[in-house]
Each structure stands twice: as structure tokens, then as C-alpha cells.
């Protein structure tokens with residue numbers, strides 16, 4: 001696989017996690033005529049979660065899961081789910097673009113990936129270069145459209161909001177250019 005060009009039968013998947021997403025609730029006063037919405041700076045904490053997600057580069061589809069712990073076992077479960085996608089299961093080769101996070105560290109994860117799937121190659125980005133991973137673009141959109149300014153009464157509500165955004169995204173997926 002080293003040095004070969006991609007073909008139409010290849011799939012590229014960018015994967016990472018967005019950690020420490022906080023479920024916070026803030027008191028809001030409804031706006032009155034001529035007065036803007038007022039959001040108090042104090043908030044109540046209700047815990048947090050990690051969003052582990054993948055982006056299929058060619059289609060723009062995103063598949064993810066919210067977990068309370070960012071573990072390798074959780075990430076492997078996500079990989080198994082994504083690899084069952086028809087696009088991946090029928091692909092000649094599948095390339096997973098990853099950073100060096102603990103849930104998919106190159107010292108251990110790449111070996112597991114090759115052992116599970118003959119047609120898969122794990123490509124780990126250099127340290128400090130996770131911004132090159134296209135899933136980060138999706139995380140930016142998710143943050144701006146769903147998380148920033150949000151008020152969540154529980155982790156479950158936060159997780160449902162993230163999952164709901166993923167469903168909306170996948171209704172009309174577009175690859176990043």
C-alpha cells in the first residue's frame with residue numbers, strides 16, 4: 001500500500017475524538033422588546049462526554065458515538081461499526097487517518113487494525129498535526145452550530161443533541177473540499 005495512488009475502490013476515513021464536552025445548563029432570561037437575550041455567566045455542571053467520530057472523506061458521511069470514557073475498547077467498537085458500512089466492506093482498501101490519541105495510539109492500534117481487517121491501513125499524522133484531519137472540520141461545525149451557547153440539563157440531553165446533529169448532517173452529506 002505504501003506509495004500507491006488511491007483508486008476508485010479505496011475509501012479514506014478520518015477519525016478522532018472531541019473530548020471533555022461539558023453538559024452545562026445556564027439560566028436565560030427571555031428578551032423583552034428592545035432588550036437582548038440575557039444569559040447568566042453562572043452555570044450548573046451535569047458531567048461530560050467524549051464524541052468519537054469518523055468522516056468518510058469521499059461522501060462526507062459522519063458516524064460517531066458519545067461515550068463517557070474515551071477508551072480504546074469504545075473506539076474499536078466504532079471502527080467495527082464503520083467497517084460494516086457497505087462502502088467499507090466492499091472497498092479494495094480502507095485508509096484510517098488518525099492522530100496519536102490514546103484511544104488509537106500508533107504503537108498498539110495499528111496492529112489491532114491490521115489483524116482485524118486485511119484491506120485496512122492506519123495512517124497516523126505527525127504529532128501536532130491533528131488539524132490536518134478532516135474530522136476536525138466537522139467538529140468545528142458541530143461546535144458552532146450545536147454546542148456553543150447550548151444549555152444541557154444532563155449528559156443524556158447533550159448526547160442526544162450531538163446524535164441529532166449527526167443525523168441532520170448525514171441527511172445531506174457533503175465532502176469537505
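Here is how the numbers come out for the structure above:
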| quantity | calculated |
| --- | --- |
| Residue that is farthest from residue 54 (Cα to Cα), among those in segment 140-169 that are part of a helix (DSSP H, G or I) and touching a strand residue (DSSP E or B) at 6+ places or on another chain (Cβ under 6 Å) | 155 |
| Options 158, 168, 98: the member that is touching a residue at least 40 places away in the same chain (Cβ under 8 Å) and within 30 Å of residue 28 (Cα to Cα) | 158 |
| Evaluation of residue 61 against (1) in contact with a strand residue (DSSP E or B) (Cβ under 7 Å, 6 or more places away or on another chain); (2) closer than 18 Å to residue 162 by Cα (one fails), failing number | (1) |
| Residue in segment 11-23 that is assigned to a loop (DSSP other than H, G, I, E, B) and either out of contact with any strand residue (DSSP E or B) (no Cβ under 9 Å at 6 or more places or on another chain) or surrounded by 18 or more Cβ atoms within 10 Å (Cβ to Cβ) (or both) present | no |
| Residue identified as without any contact (Cβ under 8 Å) to a residue 40 or more places away in the chain and on the phi > 0 side of the Ramachandran plot among 122, 111, 128 | 128 |
| Conditions (1) at pLDDT 95 or above; (2) assigned to a helix (DSSP H, G or I): number failed by residue 175 | (2) |
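The values are calculated or read from the model by the stated rules, or taken from the named source; none is laboratory data. Everything numeric here is computed off the predicted structure, so don't read it as measured data. With ideal geometry, Cβ positions are generated from the backbone for all residues, glycine too; neighbour counts draw on all protein chains shown.
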